[in-house]
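Student: Before we start, here is the structure in question, set down as structure tokens.
Here, each number is a calculation from the coordinates, and none is a lab measurement. This is a predicted model, so every value here is computed, not measured. Glycine gets a Cβ as well: all are built from the backbone with ideal geometry, and neighbour counts include every protein chain shown.
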Amino acid sequence: MEYIAWFTERCREHKLKVTPQRIAVYRHLQGNRQHPSTEQIFREVQREFPTMSLDTVNRTLLTFADIGIVDIVEGYGGPRRFDPDCSPHHHFHCLRCGRITDFRNRDFDRLEVPEKIARRCVVTGKRVSLTGICPECR
Ligand SMILES: [Zn+2]
Ligand SMILES: [Zn+2]
């Protein structure tokens, strides 16, 4: 239940109303290591809130990304996926089953931002994304 206090606090900080729907969406995200898509979260939340639309779930997830409590996992071509773990970590993405596995690596954490990016942009996150075939699919 601890996450509710934390979640409520983050919402207050960002002047976001804490609604039962938002709590439900976050509940299905927190501790979820599958990097779920909007549809997956929607299917879970719908059991509790049958009238909540896919679009509302999607907007809720994007709002969470805006206030920095979930990361959007980009660049895999499929539907957008969400990651409740915003701490430094990296991903292995299986091209066959679509599973995204977290891993940690100090050397990857320390990767330098290329000069021409650092000069022009504000870098707020770094993540190494490896693609290939997972042990289950090999
Ligand atoms: Zn796989
Ligand atoms: Zn992750």
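Student: Note down the relative contact order for the range 33-109 as a percent, whole number, built from C-alpha pairs under 8 angstrom at least six residues apart.
Tutor: 29
Student: How many percent of all Cα-Cα pairs in the chain sit more than 27 Å apart?
Tutor: For the chain, the share of Cα pairs beyond 27 Å comes to 28 percent.
Student: Taking the Cα atoms only, what angle lies between the long axis of helix 38-48 and the longest principal axis of the chain, rounded to 10 degrees?
Tutor: 20
Student: Right, here's the next one. May I ask which residue of Pro88, Val18, Leu130 lies farthest towards the positive end of the charge dipole of the chain, with charges of +1 (Lys, Arg) and -1 (Asp, Glu) on Cβ and the Cα centre as origin?
Tutor: Leu130
Student: Mind checking the full-extension length gain between Val113 and Ile72? Use 0.36 nm per residue of separation minus the Cα-Cα distance, one decimal, nm.
Tutor: 12.8 nm
Student: Lys/Arg Cβ at +1, Asp/Glu Cβ at -1, dipole of the chain taken about the Cα centre: which of Cys97, Phe7, Ile117 is farthest positive-ward?
Tutor: Positive-end residue among those listed: Ile117.
Student: In whole Å, what is the distance between the alpha-carbon centres of the range 110-138 and the range 13-41?
Tutor: Cα centres, the range 110-138 to the range 13-41: 25 Å.
Student: Name the aspartates and glutamates eligible as straight-distance cross-link partners of Lys126: C-alpha to C-alpha under 20 Å, and not fewer than 8 places from it in the same chain.
Tutor: Asp66, Asp71, Glu74, Asp83, Asp85, Asp102, Asp107, Asp109, Glu112, Glu115
Student: Right, something else. Residue by residue, what Karplus-based ³J(HN,Hα) values in Hz, rounded to whole numbers, does the range 10-19 have, using 6.51, -1.76 and 1.60 with θ = phi - 60° and x for Gly and Pro?
Tutor: Computed from phi, the couplings for the range 10-19 are 4, 5, 4, 3, 9, 6, 10, 5, 8, 9 Hz.
Student: At a threshold of 8 angstrom on Cα-Cα distance, excluding pairs fewer than six apart, so keeping six or more, what relative contact order does the range 74-131 reach in percent?
Tutor: It rounds to 39 percent for the range 74-131.
Student: With the contact rule set at Cα under 8 Å and sequence spacing of 6 or more, what percent relative contact order holds for the chain?
Tutor: 20
Student: Would you calculate, for the chain, the mean residue ellipticity at 222 nm contributed by helices, counting each DSSP H stretch of 4 or more residues as -39,500 (n - 2.57) and dividing by all residues, to the nearest 500?
Tutor: The helix contribution divided over the chain gives -11500 deg cm²/dmol.
Student: Same structure again: Answer rounded, prolate or oblate for the range 1-73, using the Cα gyration tensor with square roots of eigenvalues a ≥ b ≥ c: rounded when a/c is under 1.5, else prolate when a/b is larger than b/c, else oblate.
Tutor: rounded
Student: Could you give the size of the charge dipole of the chain about its Cα centre, using +1 on the Cβ of each K and R and -1 on the Cβ of each D and E, expressed in debye and rounded to the nearest 20?
Tutor: Using Cβ point charges on Lys, Arg, Asp and Glu, the chain gives about 180 debye.
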